[in-house]
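Shown next, in structure tokens, is the structure this report addresses.
The values are calculated or read from the model by the stated rules, or taken from the named source; none is laboratory data. Source: prediction; values computed, not measured. Methodologically, a virtual Cβ is constructed for each residue, glycine included, from the backbone with ideal geometry; neighbour enumeration extends over all protein chains shown.
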Amino acid sequence: MKKILFTLLLIIYANLSFAESHMQADSFAVVLKVPAEEVEKIESLIDSHHDFMHRDHSLSGENRLNSYSVIKGFEYKDPTDPSKGLTGNVYYFLSEHYQTPMGLQMHMEAGENWDGLAEMQSMMFQYGLALAWPGEVIAKMNR
């Protein structure tokens, strides 16, 4: 199943990223909405993914990883009135940006050897609200 999903993602990636040069698919992002009782499990998986990223991704060279971030935020019952408290759900925004489309493709290939891949995919399907896959960075600021 994992190989089928990987193959399908690569086909989609290739078709979108090279179709008449409309998109330089060099990134992706996912938004998760996680119930409080699952936060510890999800954060453990995010930690494992972060370790994988440090271990298997280059921060230099032509196909380097330019940006990796996971942002955590809490869901308010009423965002216009924080005094009403929280729902108990937690949002996670995970994004990755590579220097080139090949960098994103290399990430997908490296992911095949990460032991948390199936759990990550399950998490994304279960808690995912939005997925920009593949994506293209259209604005950024660097220090």
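Brief remarks follow.
- Matching residues in region 98-113 - criterion: being of a type outside the set (Asp, Glu) and over 13 Å from the mean Cα position of the chain (by Cα): GLN99, THR100, PRO101, MET102, GLY103, GLN105, MET106, ALA110, ASN113
- Count of residues meeting criterion [of a type in the set (S, T, N, Q), more than 16 Å from VAL30 (Cα to Cα) and surrounded by 11 or more Cβ atoms within 10 Å (Cβ to Cβ)] in region 58-80: 3
- Some residue of region 81-100 being of a type in the set (Val, Ile, Thr), over 20 Å from LEU117 (Cβ atoms) and at pLDDT below 95: yes
- Test: LYS77 is among the basic types (Lys, Arg), modelled with pLDDT of 90 or more and under 18 Å from LEU94 (Cα atoms): no
- Within the set GLY116, GLY128, the sole residue that is within 11 Å of the chain's Cα centre (by Cα), among the small types (Gly, Ala, Ser) and within 15 Å of ILE42 (Cα to Cα) turns out to be GLY128.
- Which listed residue, of GLU109, GLU96, GLU119, is touching a residue at least 60 places away in the same chain (Cβ under 8 Å) and outside any strand (DSSP E or B): GLU119
- Evaluation of GLU136 against the conditions (1) loosely packed, with under 15 Cβ neighbours inside 10 Å; (2) at pLDDT below 90 shows that the sole unmet condition is (1).
Yes/no matrix, rows are residues, columns are (1) aliphatic (A, V, I, L, M); (2) in contact with a His (Cβ under 7 Å, 6 or more places away or on another chain); (3) at pLDDT 95 or above:
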| site | (1), (2), (3) |
| --- | --- |
| ILE11 | yes, no, no |
| ALA19 | yes, no, no |
| VAL39 | yes, no, yes |
| SER58 | no, no, no |
| ARG64 | no, no, no |
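- Of the residues screened, VAL31 is one that is in contact (Cβ under 8 Å) with a residue 24 or more places away in the chain, in contact with a Phe, Trp or Tyr (Cβ under 8 Å, 6 or more places away or on another chain) and within 24 Å of VAL137 (Cα to Cα).
- Search result, residues across region 37-57 that are over 14 Å from MET123 (Cα atoms) and surrounded by 13 or more Cβ atoms within 10 Å (Cβ to Cβ): HIS50, PHE52, MET53, ASP56, HIS57
- Flag if MET53 is in contact (Cβ under 8 Å) with a residue 12 or more places away in the chain, in a helix (DSSP H, G or I) and in contact with a strand residue (DSSP E or B) (Cβ under 9 Å, 6 or more places away or on another chain): yes
- Pairs with Cβ under 9 Å, 6+ apart, first in region 69-93 and closer than 26 Å to HIS54 by Cα, second part of a loop (DSSP other than H, G, I, E, B) and at pLDDT 95 or above: VAL90/PRO35
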